[in-house]
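Notes follow the structure.
The values are calculated or read from the model by the stated rules, or taken from the named source; none is laboratory data. Not measured: the values here are computed from a predicted model. Here the Cβ positions follow ideal geometry from the backbone for every residue, glycine too, while neighbour counts run over all protein chains shown.
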Amino acid sequence: MVNVRYMVLAAVVTLASCTKPTRSDTSHVPQARSREVVITTVPLLTKELATTYPFLKTDFAKGSVLDGKEVYEFMPSTITVDEGDTLRLTFINPEDDPHSFVMSDLSIAIPGQSVTHATYIAQHAGIFDFVCAIPAHMPMMHGQLVVLPR
Ligand SMILES: [Cu+2]
């Protein structure tokens, strides 16, 4: 009876050691891939919406909180990819105001009522800010590209 218990224990230990990954096991590392990323520029608090939201008339007045500004959003505003991935970017701007998509190593103009395509390779891991550089949309229109390390 004792020998059977030792044999079962030895079998369990053997199975456990067989499934344990080793340092040379890279099967868990994701491969670089191409990702389709669609980003829409969405108006949130714009002058056209002042009839829908009466408080905006006060907010857009000279010296008030949105004087000279309009609030737009990149949707989605956070993009997460793996290091080495190629991003096939599509920007949809359904409204007539132009925008831009600017990172430290990328600058794309997004004309009004347009669909714009671009390609970007996420070469380095890290968290990278992107903004719309139209002065009236800064600093509200921004987001982050999160590049996970391999
Ligand atoms: Cu903008």
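Enumerate the strands (runs of 3 or more DSSP E) found wholly within segment 96-150, keeping only those where 2 or more residues are more than 19 Å from residue 42 (Cβ to Cβ). Give the steps one after another, and end with the answer.
Values: elements: 99-103, 106-110, 114-121, 126-131, 142-148.
Correct list: 106-110, 114-121, 126-131, 142-148.
Pairs under 8 Å by beta carbon, first residue touching a residue at least 24 places away in the same chain (Cβ under 8 Å) in segment 60-72, partner among the β-branched types (Val, Ile, Thr), six or more apart or different chains?
70/46; 71/46; 72/41; 72/42; 72/46
State which residue pairs qualify: first residue closer than 17 Å to residue 75 by Cβ and at pLDDT 95 or above and inside segment 130-150, second residue within 9 Å of the ligand (Cβ to nearest atom) and part of a helix (DSSP H, G or I) in any location, beta carbons under 9 Å apart, and separation of 6 or more residues or different chains.
131/137
Among the residues of segment 114-127, is any within 12 Å of the ligand (Cβ to nearest atom) and touching a residue at least 40 places away in the same chain (Cβ under 8 Å)?
Of segment 114-127, the ones within 12 Å of the ligand (Cβ to nearest atom) are none.
No: segment 114-127 contains no residue that is within 12 Å of the ligand (Cβ to nearest atom) and touching a residue at least 40 places away in the same chain (Cβ under 8 Å).
Yes/no matrix, rows are residues, columns are (1) among the acidic types (Asp, Glu); (2) buried (at least 16 other Cβ atoms within 10 Å of the Cβ):
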| residue | (1), (2) |
| --- | --- |
| 70 | yes, yes |
| 85 | yes, yes |
| 94 | no, no |
| 132 | no, yes |
| 138 | no, no |
| 146 | no, no |
| 150 | no, no |
